[in-house]
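Any read-out appearing in this document is the output of simple, stated calculations on the displayed coordinates, not a laboratory observation. Just so it is clear, the structure is predicted and the values come from calculations on it, not from any experiment. Every residue, glycine as well, gets a Cβ built from its backbone with ideal geometry; the counts of neighbours run over all protein chains shown.
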């Protein structure tokens, strides 16, 4: 299922749909950003925005285990995971794209 950031975020909060889609295989396009604390990669809706230093909250999806140079526009496929979770290093997140990979448009 292809999603947009507007499907997952409403204003400054998470959309109710996040809970409904948690566990689903989804595709979403965005820009790769690096977290300031080097805890991992993030997917953001706008090029050049930084969730860590923006004066206003920026919608971001955590990408556990995903590695790519920041600043790249991508369409990713993975399993949407909603709800607070902390990784092994203790970094918490509310919305994640687990097992994220570049979407090729081909069935997997």
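Overview of values
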{"quantity": "The range 2-102 - share of DSSP beta bridges that are antiparallel (%, nearest 5)", "calculated": "90 percent"}
{"quantity": "Contact order relative to length of the chain, as percent, for alpha carbon pairs under 8 angstrom and 6 or more apart", "calculated": "26 percent"}
{"quantity": "For the range 2-102, alpha-carbon Rg and Dmax in angstrom", "calculated": "12.3, 32"}
{"quantity": "Cα→Cβ-extended label distance, 7 Å offset, between residue 84 and residue 104, nm", "calculated": "4.0 nm"}
{"quantity": "Computed [θ] at 222 nm, helices only, for the chain once each DSSP H run of length n ≥ 4 contributes -39500 (n - 2.57)", "calculated": "-1500 deg cm²/dmol"}
{"quantity": "Where labels lie 7 Å past Cα in the beta-carbon direction, separation of residue 56 and residue 2 in nm", "calculated": "2.7 nm"}
{"quantity": "Distance histogram in 10 Å bins (all Cα pairs of the range 47-108, percent per bin)", "calculated": "18, 47, 31, 4"}
